[in-house]
1. What is the one condition in (1) more than 14 Å from chain A (Cβ to nearest Cβ); (2) surrounded by 16 or more Cβ atoms within 10 Å (Cβ to Cβ); (3) within 11 Å of the ligand (Cβ to nearest atom) that B:Arg148 does not satisfy?
2. In the set B:Ala100, B:Ala22, which member is more than 15 Å from the ligand (Cβ to nearest atom) and either buried (at least 17 other Cβ atoms within 10 Å of the Cβ) or among the basic types (Lys, Arg) (or both)?
3. Do we have any residue at all in the stretch A:170-178 that's part of a helix (DSSP H, G or I) and either within 14 Å of another protein chain (Cβ to nearest Cβ) or in contact with a strand residue (DSSP E or B) (Cβ under 6 Å, 6 or more places away or on another chain) (or both)?
4. Does any residue in the stretch B:103-117 that is farther than 20 Å from B:His285 by Cα and assigned by TED's automatic domain parsing to the domain that holds B:Glu78 come within less than 8 Å, Cβ to Cβ, of a residue that is more than 16 Å from the ligand (Cβ to nearest atom) and not in a helix (DSSP H, G or I) six or more places away or on a different chain, and which pairs are these?
5. Considering only residues of the stretch B:83-94 that are in a strand (DSSP E or B) and within 9 Å of the ligand (Cβ to nearest atom), which is nearest to the other protein chains (Cβ to nearest Cβ)?
6. Among (1) in contact (Cβ under 8 Å) with a residue 12 or more places away in the chain; (2) open to solvent by 10 Å² or more (accessible area, probe 1.4 Å); (3) farther than 23 Å from B:Leu325 by Cβ, there is one condition B:Phe286 misses while meeting the rest; what is its number?
7. Which residues, counting only those in the stretch B:33-44, are open to solvent by 10 Å² or more (accessible area, probe 1.4 Å), aliphatic (A, V, I, L, M) and in contact (Cβ under 8 Å) with a residue 24 or more places away in the chain?
Amino acid sequence: MRIAILSLAHFHGYSYAAAVAKHPAAELALIWDEDAARGGAAAQQFGCAFEPDLDRTLAAHIDAVIITSANVHHKEIAVKAARAGKHILCEKPIATTLADAQAMVAAARAAGVQFMTAFPCRYAPPVLRVKQALEQGAIGEILAIKGTNHGRMPGGWFADPGMAGGGAVMDHTVHVADLIRWFLGKEFTSVYAEVANRFHDIRVDDCGMLTMELEGGAFATLDPSWSRPAAYPTWGDVTMEIVGTKGTISLDAFSQNLSLYNNDDRVAAWVPYGSDMDEGLVNDFIAAAAANARPPITGEDGLRAMEVALMAYESARTGAPVIRGA
Amino acid sequence: MRVGIVGAGTMGTVHTGSHHEAGHQVAAIYDLRPEAAAANAARVGAAVAPTFEALLSDPTIDLIDICLPTPLHRAFVEKAARAGKHVLCEKPLAPTLEDARAMIDICREAGVQFYVAHVLRFFPEYERARNLVLAGKVGEPGVIRTTRGGIFPTGWDDWYADYSRSGTLTLDMIIHDFDWLRWTFGEVERVYAKSLSTRTTERLDYALVTLRFASGAIAHVEGTWSHSGFRYGFEVAGSKGLIDFDSAKIQPVVVQKRAAEAGVTGVAVPESPLRESPYTTEIRHFGRCIEHGEIPIVTAYDAYKAVEISLAALESARTGRPVTLAKEAF
Ligand SMILES: NC(=O)c1ccc[n+]([C@@H]2O[C@H](COP(=O)([O-])OP(=O)(O)OC[C@H]3O[C@@H](n4cnc5c(N)ncnc54)[C@H](O)[C@@H]3O)[C@@H](O)[C@H]2O)c1
């Protein structure tokens, strides 16, 4: 299985590349990047070839691609890759508009290639344990979920509306929205949101608060804010409080940390020791691509999660809850 | 300061001790259940009043403290005010804004002082956090999160489980957070909420409420009667910094008893002792307001505004629509 990384605009590309390099049955064959300096340096780091031209990359002898470009470029790259017959792992959010996401899913289907959306949180061991507990019926039926995906303001193209398609709400809604769908096995029916810019002098939203309803009547809230100050001991969090008919589950997915106090650092730091999750994600992608089988996370999953962010923006614009399909 | 207390349930018991600690003399206690009144009276050397009227007709009593289930607040406050007594009433002030307004009006007309026990303003962690915010330590506040709750409460006649009386946790409990938030971050403009109380008849309640402030800041308030134990906390994130507090993580003392019998694990009981309970600080303050004209830290009007936020959240949960609060004060 020969794999190409398409752009390192998103820093997750490095970690996916490392996971590919580690895989016994896969080879990191090529890196393409619109930024030749960045791509060249990465190719050197991973000991593979750099190719500055996208079409030539896709014409090369590769079986699959991992797309970690800026959000708005996902569609063009993914449609080209699908037409070239490559299996695709695409960074979240899958796209920035419903039409783009639909075009990507359709292109993959038409070309008969597998499309997987990168939701690595599904592979974090604490998250897997929650999924297992829910499947075992530990807390009965899910009634309500309180979620957070806090972060620091990532800067760069993330804060450029033309490249990212939005701010914190676009960047940080999809992980937890995906986990909620995965845990419940149900679709969102409505979204209400407050969206604001309160933390940084940037042109996109940096905070918000979403309230969602799901089929069957469960409700959820999600705080996707880039609200962690530089002085905070870690990058952010993914947390969920899940209330069920028979009990509750508290998830703090990235809390397996040591506290470090070092005189040379200006601030205290939490040093993670939790298990890597990107490897599980990449391994499943490689397995699905090798077998030409439906991956555990599909393009449809990516689309549904992104739709929640789009509904949140619409709700903030109209001041009313947005009903799906209405 | 001589006090007559009505109610000898959970809060009546707490207030009895706090008046005593604050140096107020508890003259008499009245409760529907005379044995409960007697037990509390015995702790502080008070009399048991046979009727509410007996409390009101005692000319030596300055203050009537009402620790009754919420729907009874209005009738008891009105009678106490008409009898010329200063009044202290547990939160929530009342189950409706009409009741709340009427209670404030009658106390004003009767020329008596009226206080509502929004005790969170006297919890040092909440007061300290507010001071840090006012001192600009987080910069411009952006997103505030609060949480409160635990086990489903039990009271006299199981009145908490009867939402027509308790008004759900959104009126009964997270009103504490609504008051602290309004005190710290200013007026609330808009409310959106979801609540289990609108969908299940089980002994479970859980509410997630979003507030949008006139300042533009956003708050998320979690209230639960679906967990165990009791836990509360908050996080204030701003443009320059962040404050967080989680009662479950602050355990300066943990007493753990080894189980005597095999197979039974010992229970660890965490404590976070202060020199004075916030309830006592609160009651001492109200006493000084009445006796020495100290400026009240929380007014009956504040209590009215907190009820307004709770009721807006319940309306939003019922209708599925955001509720915009009235701008005008009274
Ligand atoms: N500030 C806080 O932290 C806090 C905490 C809990 C409750 N509260 C509030 O305090 C109030 C009382 O709650 P509680 O938990 O103490 O309730 P409770 O059920 O423990 O006690 C109520 C008491 O009122 C008595 N009573 C009922 N009807 C009566 C009547 N007609 N005349 C005289 N006595 C009567 C009952 O016998 C009982 O002793 C409520 O408004 C509640 O919301 C405040």
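1. If we test B:Arg148 against (1) more than 14 Å from chain A (Cβ to nearest Cβ); (2) surrounded by 16 or more Cβ atoms within 10 Å (Cβ to Cβ); (3) within 11 Å of the ligand (Cβ to nearest atom), just (1) comes out false.
2. The conditions single out B:Ala22.
3. yes
4. Pairs that qualify, where the first residue is farther than 20 Å from B:His285 by Cα and assigned by TED's automatic domain parsing to the domain that holds B:Glu78 and the partner is more than 16 Å from the ligand (Cβ to nearest atom) and not in a helix (DSSP H, G or I), are B:Ala110/B:Gly84.
5. B:Glu90
6. (2)
7. Within the stretch B:33-44, B:Ala36, B:Ala39, B:Val44 qualify.
Residue-wise test of (1) among the hydrophobic types (A, V, I, L, M, F, W, C); (2) within 14 Å of chain A (Cβ to nearest Cβ); (3) within 15 Å of the ligand (Cβ to nearest atom); (4) open to solvent by less than 60 Å² (accessible area, probe 1.4 Å).
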residue	(1), (2), (3), (4)
B:Ala28	yes, no, yes, yes
B:Leu56	yes, no, yes, yes
B:Pro59	no, no, no, no
B:Leu68	yes, no, yes, yes
B:Phe76	yes, no, yes, yes
B:Ala81	yes, no, no, yes
B:Arg108	no, no, no, no
B:Val119	yes, no, yes, yes
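The values are calculated or read from the model by the stated rules, or taken from the named source; none is laboratory data. Keep in mind that this is a model prediction, so the values were computed, not measured. Don't worry about glycine lacking a Cβ; one is built from the backbone with ideal geometry, like all the others, and counts go over all protein chains shown. SASA here: full protein model, heavy atoms, side chains in, ligands and nucleic acids out. Shrake-Rupley method; radii C 1.70, N 1.55, O 1.52, S 1.80 Å.
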